[in-house]
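Notes follow once the structure below has been shown.
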Amino acid sequence: MKQFRLHRQGACGQAMVWFMATIAATMAVLYGVYNVGQVTSAKQKVVNATDAGALAGATQQARLLNLMAYGNRAMVVSDAMAGQLVSLDSWMRYLQTTTQNVSHVSRLIPWVGQVLGTVLQTISRTLNRVEDGFGDRVLPAAIRGLERLKGLVSVVNESISRVGNGLASQAASAVVASNQTVFGTPARTDQAPQQINLALSGASFIQNQLAWTNFSKRHSGADRGRAKQVVLDSMDQFSTGTERSWQRGSGTWGPRLEKRGGTRLVGFDRWEAQDALDFRLPLGWFGVLKIPVGWGRTDLGGGGNLRWGGTNAQTLAFGSLRNVHANWSGVSEIRDLSDAARTEPELSFLLITAKPGSATPTTGSMGIAAQASPSVMGSAQMNDHLRSDQVSAISTAKVYFERPQRGLGDWTADAWRGNSTLFREDAYKEYASLYNPFWQARLSALDPSAKGAILLAMGWSAEAAEALDGLLP
């Protein structure tokens, strides 16, 4: 009995050792689970904030491109309207000379002709006063107003091209800064993600700036061919001459009236509008007699004015030429996509953000982690092991052009009417330009080479090598 008691006394406290070891292991597991959860949550918050910031920056760029497109459309309308006003002035002058000449001929006819001639003469005088007021005052004033509009829009577009990336960066930074969690009573706010450091944030800003600057260019001089074609395509049928050229008469060999009229854009700096009406009277072996009936000619812009055709009315029209505004600036110098952007019409916006490890409430940041131990048995210390002691994220967004197409189930269709003005009537796909405001933004995957370069700049050589795996020889 005595020996049994001694044995029990020798085993006393062994359960306590196992209990303490179990508690230590359990605490280590709890520490690890808590820290992993906190770091994972912080990482997800930083990634979400970075994605939201990148999308906000790209959306801002898309909106600015759409604003430039509206400005370009305003300049195209200005140039087209100038051509239409010149067309109207030429046609009014032609109408005035026509009524005047017909009134002179009508007076040669007794009774009815004299009455008709008097009426036409009155109409001709009225048209002459109206045309003088329009051509001498209204038209020059309208051209000056259109020129000022073009100048203002051009300044706005050029300003957008210079400050656009800065505005996009501000939008991205504001969205990132707003990704904070408010908790507790009284309310406390955690630290928002920020740019990693000056070197990298500067590098990403420079990359975005270069991409934005190189995405468009100002087309001037002989490089205005595309703008000129857009202006011509915007003209109505009256200005292009489709409705101002016609023939009335008894066939090819009989007498007939021949009306020739239209407006053309010579080069890039001059509108020419001309209207001429001839009475064609075949004289058999003696040829054809072309009697001028009415004519009018108005030009806009400098340069040498060109003669149209060789009929008598066309010659008289050229002789009565009115040059409205010799200092017209010509087809607008429009900021459109650069040559490289036409090949690859996508614009990338890069954003790099990070949150310091001290802002993540882990056991280490709160100062309750186990301390290092010199014991040969090792240490229970568990650091967060954050790269550069921060939680970081890299995100990119793309700015792209896409006009809705009929029949593709695009949600932008006006569903309640079954139609939408966004659709092209010809149902063709429209390619990217700065003439239509259909620029949009979306998140995109980061190019591996760009990601590798960024990680290498951050000093993460292993991660950079992994990102560049398969790209390097």
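Bear in mind these aren't lab numbers, they're just calculated from the coordinates by the rules spelled out. All values reported here derive from a predicted model rather than from experimental measurement. Please note: Cβ atoms are built from the backbone with ideal geometry, for glycine as well, and neighbour counts cover all protein chains shown.
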> Which entries in K150/K217; K228/K290; K228/K429; K228/K259; K150/K429; K45/K398 show an alpha-carbon gap greater than 24 Å?
Replying inline: K228/K290; K228/K259; K150/K429
> Any idea what Rg and Dmax come out to for the range 198-324 if you just take the C-alpha atoms, in Å?
Replying inline: 24.2, 91
>> Quick query: amide H of N323 versus all other amide H atoms, modeled in the peptide plane; which residues come in under 5 Å with a sequence gap of 5 or more or a different chain?
In response: D299
> When ranked by the protection proxy of mean other Cβ atoms within 10 Å per residue, highest first, what sequence do the peptides 239-245, 275-281 form?
Replying inline: 275-281, 239-245
>> Below 15 angstrom from the Cβ of P255, what's the summed charge of the other residues (Lys, Arg +1; Asp, Glu -1)?
In response: +3
> Tell me, E425, E333 in order of fewest to most beta-carbon neighbours within 10 Å?
Replying inline: E425, E333
> With a ≥ b ≥ c the root eigenvalues of the C-alpha gyration tensor of the range 247-292, is it rounded (a/c under 1.5), prolate (a/b larger than b/c) or oblate?
Replying inline: prolate
> Taking neighbour Cβ counts within 10 Å as the exposure measure, how do W271, W212 sort from fewest upward?
Replying inline: W212, W271
> Long-range amide H contacts for R403: which residues qualify at under 5 Å (H placed 1.01 Å from N, peptide plane, sequence gap of 5 or more or a different chain)?
Replying inline: E430
> Can you give the net charge of the other residues whose Cβ lies under 11 Å from the Cβ of T240, counting K and R as +1 and D and E as -1?
Replying inline: -1
> Between the range 100-118 and the range 50-98, what's the alpha-carbon centroid distance in Å?
Replying inline: 47 Å
